[in-house]
Amino acid sequence: MAGRRILITRSADRARPLASLLSGLGAEPLVLPLIDFERAQDQPALDAGLDRLFAGDFDWLVISSITTVRVLVEKAAERGVPLPDLLSAGTKVATIGASSRHVLESLGFSVDLVPSGAQSAEGLVEVWEQAPSRVFLPQADIAAPGLRDGLSTKGADVTAVVAYHTVDYPAREEMRLGARLPAAVVNSGDGTPSVLDPAEARKAFDAGTMDAVVAASPSAARRLAAIFPTLGGSRFIAIGRPTAAEASRLGITVAATAKEPTPDGIVAALESVFANEGNPQ
């Protein structure tokens, strides 16, 4: 990994855990923010859902992204209550992967269900028990319907609300989702990676000096395809199968898909790609 230049398509604060790990391995992490997040336009619908959550109207709270956790942190602060107090005592919590579970538990939630296999919406649906249940699902405005529909097929009555909007970077200042998770929760590491603008990234792609680019979401893959006609010789690393599928649909060659959406999982995918290139069959 030493000497490799790795582009992370996230904001600097969200990229820092991976960047810290890459730096420790001798790589040069660089950051290109592509997407950002704004507060939901329909705040009354979100607040109504949270009121029902607090009142015990739901059996489950399902969280499918760390950004949703940031929304809940912001909402708890607005209401002047500790984050876990947004839930009634009888409501269970489910999430889609180990990293989300770590964040939730660090913030005081008890997580009752997380898939042990595929850490994705599909993985959660697979382990969901077939039974009637009332589910609150706050998620992105562009969230695919697979999680909502999959839970419904298992007998759940799903109330899905828009918790935040995914937008091109940068978000409007007055609408930007402002909540940040504590550094100890996200294991931020030391230092801030260098941030590139699109023009600088384009020069690196054209010159063939960027070894890999990491994308964490289908929306990031779409932005990459829209901004850059080519990634040159850079290897595209997808975080999650939905990101890999969208990249392939856009004509981007996927070199590897991280088996786990964690810094360690992403580094393992990168190391596998570079090792295989160095040892052709």
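Miscellaneous remarks
- The long axis of helix 66-79 is offset from the longest Cα principal axis of the chain by roughly 40 degrees.
- Karplus (6.51, -1.76, 1.60) ³J(HN,Hα), θ = phi - 60°, over segment 125-139, in Hz, Gly and Pro reported as x: 4, 4, 9, 6, 6, 6, 5, x, 7, 10, 10, 9, 10, x, 7
- Its DSSP H runs of at least 4 residues, each contributing -39,500 (n - 2.57), put the calculated 222 nm mean residue ellipticity of the chain at -12000 deg cm²/dmol, to the nearest 500.
- For segment 43-165, the alpha-carbon coordinates run over 36, 29, 26 Å along the three principal axes, in decreasing order.
- Scalar couplings 3J(HN,Hα) for segment 168-178, obtained by applying the Karplus form with A = 6.51, B = -1.76, C = 1.60 to θ = phi - 60°, are 5, 6, x, 5, 5, 4, 6, 10, 4, 5, x Hz; x denotes Gly and Pro.
- FRET efficiency estimate (nearest 0.05) - Cβ-Cβ, A207 to S110, R0 35 angstrom: 0.10
- Distance (nanometres) between label positions extended 7 Å along Cα→Cβ at A245 and I142: 1.6 nm
- Size of electric dipole in segment 43-165: Cβ of Lys, Arg +1 and of Asp, Glu -1, about Cα centre, debye, nearest 20: 100 debye
- Degrees separating the helix 218-227 axis from the principal Cα axis of the chain, which is the longest one: 40 degrees
- Only aspartates and glutamates eight or more places from K154 in sequence, or on another chain, were considered; those with a Cα closer than 15 Å are D59, E122, E126, E129.
- For the chain, the fraction of C-alpha pairs farther apart than 23 angstrom is 55 percent.
- Each DSSP beta bridge with both residues in the chain is either parallel or antiparallel, and the antiparallel ones are about 15%.
- Relative to the longest principal axis of the Cα atoms of the chain, helix 198-207 runs at roughly 40 degrees.
- Annotation: lysines with alpha-carbon distance below 29 angstrom to K75 (same-chain offsets under eight excluded): K92.
- Interchain or long-range residues, amide H under 5 Å from A144's placed H: none
Throughout, read-outs are computed from the coordinates displayed, never taken from laboratory work. Quick caveat, the model's predicted, so the values are computed rather than measured. Neighbour counts are summed over all protein chains in view; Cβ atoms, including those assigned to glycine, are modelled from backbone coordinates with ideal geometry.
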